[in-house]
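These notes concern the structure reproduced below.
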Amino acid sequence: MAFSSDNVDLFLAVIDHGSFSAAARALGRVPSAVSMAIANLEAELDLQLFERNSRAVVPTDMARALEAEARHMAGQMRRLQAHALSLHQGLERRLTLAVSPELLSAAWGEPLARLADEFPSLEVDVLSAPQADARRMLHDGTAQLALLYDRPQVDERESFQELGSEVLVAVISPHHPAARERNGHFRLEDLVDIRQVAIVSRAAYQEDKRVLVSRKLWRTDSHQATLGLVQAGIGWAFLPRRLVAPLLADGELLVIDFASMSNQLRLWVDVVWVNDRPLGLGAKRLIALMKNIDGLEARPGHV
């Protein structure tokens, strides 16, 4: 084979720099070695690739015909080298991120886009799972990272990086009988007897008491299912402000106004991993990229 990774780089350097001497400087070689390598390549291909004159080296039509494929080959070699280096440095083959459904509306896609640019060979799975299920996935090794609300109790097996906070808003359909009866104004005790729709684990109900108010509960495992049930007038729910803002603006949902307290619940958001499994290069980089997710508010005094 006449073309190799080495002489492809030489071939493209001569095209890009217009002379053997300039190409040699760019590659850290002597001009005579570059000139000889190109001559040998032309002999093996039985093609004239460059017109030589006293001022410049000009690619022939033959060289131009080969240029696109040569650049593609050079790009493939660079990607192969980068992949090999990443593996050497500890890049995992696949990274799984479990995301609590309420946080699906946060702008975590941008950090993943940057991760994809930096590690194009890394396979990433993003799975939605209620918080208790996402934590279970961390501990059984199904996921390496989880995007969760802060846990009521610290688990010494887990480490985390705080990312900011998300605001949950109490909302109800304007067509719900209780909303029409009270014109959107409730006491907290009123909600105890009005059906609440809440996101909980798919397994045995492992419920976050911070978001549960009513004695009458319908349970889902996704924020979209919860939103659909609330819009249908089945009950009320705490949902992310970012998610419900357009529906509130259009009058499709109402904010529940409590007479004596705020109708918002602020929860802190963490990216979580377990201590007994070393993180790969991709997971470590994603944690760093997630520190400035748009739409999550930083804790006062933190940047």
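Numbers below:
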item	result
When residues of the range 187-200 are limited to those that are outside any loop (DSSP other than H, G, I, E, B) and over 14 Å from Gly235 (Cα atoms), the one nearest to the chain's Cα centre (by Cα)	Leu188
Helices (runs of 4 or more DSSP H) contained entirely in the range 1-80, each with at least 1 residues that are at pLDDT below 90, over 30 Å from Leu122 (Cβ atoms) and touching a Ser or Thr at 6+ places or on another chain (Cβ under 7 Å)	20-27, 31-45
Of all residues in the range 138-164 being more than 18 Å from the chain's Cα centre (by Cα) and part of a helix (DSSP H, G or I), the one that is surrounded by the fewest Cβ atoms within 10 Å (Cβ to Cβ)	Asp140
Residue in the range 101-109 that is more than 15 Å from Val269 (Cα to Cα), out of contact with any Lys or Arg (no Cβ under 6 Å at 6 or more places or on another chain) and of a type in the set (A, V, I, L, M, F, W, C) present	no
Residue check, Ala146 modelled with pLDDT under 90 and among the hydrophobic types (A, V, I, L, M, F, W, C)	no
Enumeration of residues in the range 217-276 that are closer than 19 Å to His175 by Cα, acidic (Asp, Glu) and in a strand (DSSP E or B)	Asp257
Any hit, the range 166-182, residues being within 21 Å of Arg242 (Cβ to Cβ), in the same structural domain as Gly233 (by TED's automatic domain parsing), in a loop (DSSP other than H, G, I, E, B) and modelled with pLDDT of 85 or more	yes
Any pair with Cβ under 8 angstrom, 6 or more apart, that starts in the range 224-235 at a residue that is in the same structural domain as Glu252 (by TED's automatic domain parsing) and ends at one that is of a type in the set (Phe, Trp, Tyr) and surrounded by 18 or more Cβ atoms within 10 Å (Cβ to Cβ)	Val230/Trp236
Within the range 22-39, tally of residues that are without any contact (Cβ under 8 Å) to a residue 12 or more places away in the chain and closer than 12 Å to Phe11 by Cα	3
Gly109, sole failed condition from (1) at pLDDT below 90; (2) in contact with a helix residue (DSSP H, G or I) (Cβ under 9 Å, 6 or more places away or on another chain)	(2)
Filter pass, Val126 being part of a loop (DSSP other than H, G, I, E, B), of a type in the set (A, V, I, L, M) and over 30 Å from Ile256 (Cβ atoms)	no
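The values are calculated or read from the model by the stated rules, or taken from the named source; none is laboratory data. Remember, it's a predicted structure, so these values are computed and weren't measured experimentally. Neighbour counts run over all protein chains shown; Cβ positions are idealised from the backbone, glycine included.
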